[in-house]
Amino acid sequence: MENSEKSLVARMHQVQLAVNLIELGARLQVLETETDLSRGRLLRLYKEVRGISPPKGMLPFSTDWFLTWGPNIHSSLFYGIYETLTQEQGCKRIDAFVKAYRLYLEQVMLDDSEPVLGLNRAWTLLRFFESGLLELAECTSCHGRFVMHAHTPCKDYVCGICRPPSRAGKTSKARSKLQETTGQDNVVVDMQHAQPVANGDTPAAEPVELPRKRVAGGRH
Amino acid sequence: MNIEELLEEIQDTNLTYLLLAQRLLKEDYAAAQFRLKLTDDMAKLLMSLSTRQLSRLARTNQFLFRLCFDNADQVQKIVGEKRDSAMMQTHASLLMSRAAAANA
């Protein structure tokens, strides 16, 4: 008796978690990994919450994206919050993930800038940390901690804010203004990539996710 | 402004802080703990206090809370950033989330 009640509560918790994740923009892969609900149930849940079918296709899989200028700062902010919640406050992994992502979004909204780090990216980031591909390195100038490839020598590391690359001055606002005038239907992640390309650097991230970010773009 | 007024303001600020802290903790405990940079013990205690106890705590000539940055250089780095004010806020937030970890 008690057992079945418990599992009902557990089930409710799982559904609630899935709904929270869907609202924040989670793709099906994230939901399948993080909840024990069936694929069919998740699909239905997704349609109910969002009113559309979940997008298909692979999740981003490159660590390099997290090392590019804007994404690095956003990722570092998010992961710093996540780490505090889990390590200092004993929050459970996935709860901490959702809370940290909300806190991250909050800050970005306050700053009037775009949430460069989408939820699925944030989740991939978490997995990269868990598999030891990424680490936090301390900036020798501001003592903030920033996302880095694991095992990179970081004795003299200076972060992207303390020593921004020359192209980094263009704010997201300036960019979106430019967009408005050109009328381009650009998207969050695209804008980040637009910079290195324009400077002749190699575009750092994979193209897989790009067309799917549109939902989060929030054009008015 | 005379000293009485200043003292009153300090006490008002203390009480406002305590009341807000309680509200935040009741709303979302973990997120509030992060925002307030409180240990678990302190967060639980604050949450349990009555308004009367809170105002007794607030009645002092000193601030109950202090700046969470210990390092003046760090603050200088944040306010000295010329490029992008949005990034400055993000930077501040990033450094503060770390300050929480350092003090806990």
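The values are calculated or read from the model by the stated rules, or taken from the named source; none is laboratory data. As the structure is a prediction and not an experimental result, all values here were calculated from the model. In this analysis, Cβ positions are derived from the backbone assuming ideal geometry, glycine residues included, and neighbour counts consider all displayed protein chains. Keep in mind that these areas ignore ligands, DNA and RNA; they rest on the heavy atoms of the full protein, side chains included. Shrake-Rupley method; radii C 1.70, N 1.55, O 1.52, S 1.80 Å.
The 1.4 Å probe gives accessible areas that order A:64, A:111, B:28, B:70, largest first, as B:70, A:64, B:28, A:111.
Among A:144-156, A:123-135, B:43-55, A:47-59, the peptide with the highest mean count of other Cβ atoms within 10 Å heads the list, and the full ranking is A:123-135, A:144-156, B:43-55, A:47-59.
Overall, region A:1-159 carries a charge dipole of about 660 debye about its Cα centre when +1 sits on the Cβ of Lys and Arg and -1 on the Cβ of Asp and Glu, all other atoms neutral.
Mean residue ellipticity, 222 nm, helices only, chain B: the sum of -39500 (n - 2.57) across DSSP H runs of n ≥ 4, divided by residue count and rounded to 500, is -23500 deg cm²/dmol. The HN-Hα couplings worked out from phi for region B:12-27 by the Karplus form 6.51 cos²θ - 1.76 cosθ + 1.60 (θ = phi - 60°) are 4, 5, 4, 5, 4, 4, 5, 5, 5, 4, 4, 4, 4, 5, 6, 6 Hz, whole numbers, x standing for Gly and Pro. Per residue of peptide A:80-92, the mean number of Cβ atoms on other chains within 10 Å of the residue Cβ is 6. Pull out a ≥ b ≥ c, the square roots of the eigenvalues of the alpha-carbon gyration tensor of region A:29-106, then state rounded if a/c is under 1.5, prolate if not and a/b is larger than b/c, and oblate in the remaining case. It is oblate, given that a/c is not under 1.5 and a/b is not larger than b/c. Near the amide H of residue A:142, within less than 5 Å, lie the amide hydrogens of A:159, all on another chain or at least 5 residues away, with H placed in the peptide plane. Measuring with a 1.4 angstrom probe and ignoring ligands and nucleic acids, residue A:83 comes out at about 40 Å² accessible. Take each residue in B:25-36, count the other chain C-beta atoms within 10 Å of its C-beta, and the mean is 4.
Would you mind classifying chain B by shape? Square roots of the alpha carbon gyration tensor eigenvalues, ordered a ≥ b ≥ c; an a/c under 1.5 is rounded, otherwise it is prolate if a/b is larger than b/c and oblate if not. Because a/c hits 1.5 or more and a/b fails to exceed b/c, chain B counts as oblate.
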